[in-house]
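The values are calculated or read from the model by the stated rules, or taken from the named source; none is laboratory data. The structure displayed is predicted, hence computed values, not measured ones. For neighbour counting, all protein chains shown are included, and Cβ atoms are generated from backbone atoms with ideal geometry for every residue, glycine included.
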Amino acid sequence: MKNEEIKGLTNIQKSYALAEIQGCNDLTFAYGLSLTETQMIELVEARFNALQETGRIEFGHGVLKKLIETFCDSPYLTQENYLETLFELQDSFYYFKNESQELLSDDELITFMKIYFDGFCQGSTDCLSGTSLEELCRRTRYGDDDMEDEEMHLF
Amino acid sequence: MEEEFSLFATKNFLNNLEYDLDQQLLQKIMYELLLERMQRYTMGDSSSVTIETAEKLLKSIVFSVGVAVENSSESVGFIKCGDTTAVLKAAWSVIEREIKTGKGLLATIKKTTPEVRNRAYYDTVNELTAFFNRYDYRFFAHEIPCMIDYQLCNPVPESFEGILYINEYLRNLYIENTILQRFEPSTVSALLKSITPDYEEQLMNILEPVLTNAFGCVLLKKPVKSLDINDNDRSKLLSLLKTWQGNKDMHIVVEQLCALLTPLDDRIVQYLLTALQSLFPHIQSAVLANNLESVFLSLYSENMNVESSVHFTDNEIMNNQQLRALIHEISECRFVSDKIAIMKRDVHSLRDICEIMNVCFWGKDSIDYYHTLSITEQELLLFYIKEKHKENPEWSSETGWERQLVVYLKTLRE
């Protein structure tokens, strides 16, 4: 697709995406989390950069709203690391989405990420982004203990 | 590549159809259709797709809308109203109609398949059958999900896509089958065999050599269906083609060819003309090289091949007195090895060998002698026996050496 067309398409999508996450503050206030207008714009811009880097096109409702709704109750999120974590989560999501070769739905992937983030990673986005999709799915499905057992059996 | 998939290309494509369509409206419709197709494709499971998938979906939409506009007058109205669902439905109904036509054409092709076997042809027909199961026109209408190995005399233009390509291919294949039916399968096989004995396994078009030789036969005023062109004919063709008048002469030849292959409809005549015109540069370069052997082929014949591969001239035979003396000497030998030594020393003709074998080598003695012969010598002896049997089917030697030879060679081969 031509750059001009992508620009035309993304400008409409950006305005939709902004409107979507503006409504999320109502939900996240309860967890002590909120985003300013500037931060929201930064997040939306980052979303389109992430899409471009991973070679994907998003349509309809974006995934940012779902990420905020799912991760806002994480015990590892604070107002200080909220924006930075959302940036990282968004990048990781598109990376894993490509890795899954369309075999995982958005909801499934976000659920896996949340369990892994709160569990094995203990809130570390570096840990989450440094893992492989295979490991992410295995640890989420079978838990840490089973993984350790499995690794033990290998030696 | 990007150009190809772009929406601007879509607009140009539709504008080329000379419909007065608002470009912004067209772009909006394309976006809406793409969005709707992407959502259907992911079944709501995913909010994004890869650029490659989006490009394929967009290409399919462009193809479908193009098909709708070209074949259904209502479609332009739907586009002007911005009714995307109706546009897509109109396109699908045209594509479904084309699929039905294609299935009918394929059934006809299966009925008219040439008797001459060719693996590429049969594989392609099987793949075309699979195409109709694999073709997903709702998402990838422009794709051709099958392998087409068999090359036609007149290839289908690259601009054709999806079911339109397949139908055009099937129509051309049907024409080629119809033309081939005018010739004897054994003649066509003999012609193809002169290109290569394993023509059945080769990726080659069956009609092309047939058409070339038919063209030659018309110029020579020989029976077209014989397809036979010998060395003399090639010399005549060379002088005829040196004074060739180009397009004007080609039309005359095609007319004559069609008259001889009658009845042929206009489409087939046009196909023949195009095919011969595309073959002609190849013929012309052969004329310039003064060598038509690789273009106008002679029919393959078994005799021709055997004669050229085996030549045997026997040595002079002994006179009767010498032969009798030698037979007496060999018969007196106590050991087989002595008999063999004398044979090696004094006998130098196949006919003499056979005369001596008839009376001197009894039972298993002959086997020891065969051990000392080369494969060529053994085969020559076998050839002698066969010839002898042809002359007189009841012939057999007193010693039975010929039966021993057959058994010996059979054991050797096993």
note = Of the conditions (1) more than 22 Å from A:MET40 (Cβ to Cβ); (2) hydroxyl-bearing (Ser, Thr, Tyr); (3) within 14 Å of chain B (Cβ to nearest Cβ), the single one that A:TYR94 does not satisfy is (1)
note = Within region A:45-67, the count of residues that are among the hydrophobic types (A, V, I, L, M, F, W, C) and away from chain B (no Cβ under 14 Å) comes to 1
inquiry  = Take the residues in region B:139-153 that are surrounded by fewer than 17 Cβ atoms within 10 Å (Cβ to Cβ) and not aromatic (Phe, Trp, Tyr); name whichever of them is nearest to the chain's Cα centre (by Cα).
reply    = B:GLN151
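Only helices (runs of 4 or more DSSP H) wholly contained in region B:196-313 count here; list those with 2 or more residues that are of a type in the set (Ser, Thr, Tyr), modelled with pLDDT of 85 or more and surrounded by 12 or more Cβ atoms within 10 Å (Cβ to Cβ).
Answer list for region B:196-313: B:266-288.
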request  = Any chance you could count how many residues in region B:63-99 are of a type in the set (S, T, N, Q) and in contact (Cβ under 8 Å) with a residue 60 or more places away in the chain?
outcome  = 1
query = Of everything in region B:390-414 that's under 17 Å from B:TYR369 (Cα atoms) and basic (Lys, Arg), which residue is surrounded by the most Cβ atoms within 10 Å (Cβ to Cβ)?
reply = B:ARG403
key: Selection count where residues are at the interface with chain A (Cβ under 10 Å from one of its Cβ atoms) and not in a loop (DSSP other than H, G, I, E, B), scope region B:28-56   = 18
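Considering only helices (runs of 4 or more DSSP H) fully contained in region B:322-380, which possess at least 3 residues that are of a type in the set (S, T, N, Q)?
In region B:322-380, there are no helices (runs of 4 or more DSSP H) which contain 3 or more residues that are of a type in the set (S, T, N, Q).
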First in region A:114-141 and farther than 17 Å from A:TYR95 by Cβ and modelled with pLDDT of 80 or more, second anywhere and hydroxyl-bearing (Ser, Thr, Tyr) and surrounded by fewer than 15 Cβ atoms within 10 Å (Cβ to Cβ), Cβ under 7 Å, 6 or more apart = A:ASP118/A:TYR76; A:GLN122/A:TYR76; A:GLY123/A:TYR76
query = Taking region B:57-80, which residues are under 18 Å from B:PHE160 (Cα atoms), more than 8 Å from chain A (Cβ to nearest Cβ) and not charged (D, E, K, R)?
reply = B:LEU57, B:SER60, B:ILE61, B:VAL62, B:PHE63, B:SER64, B:VAL65, B:GLY66, B:VAL67, B:ALA68, B:VAL69, B:ASN71
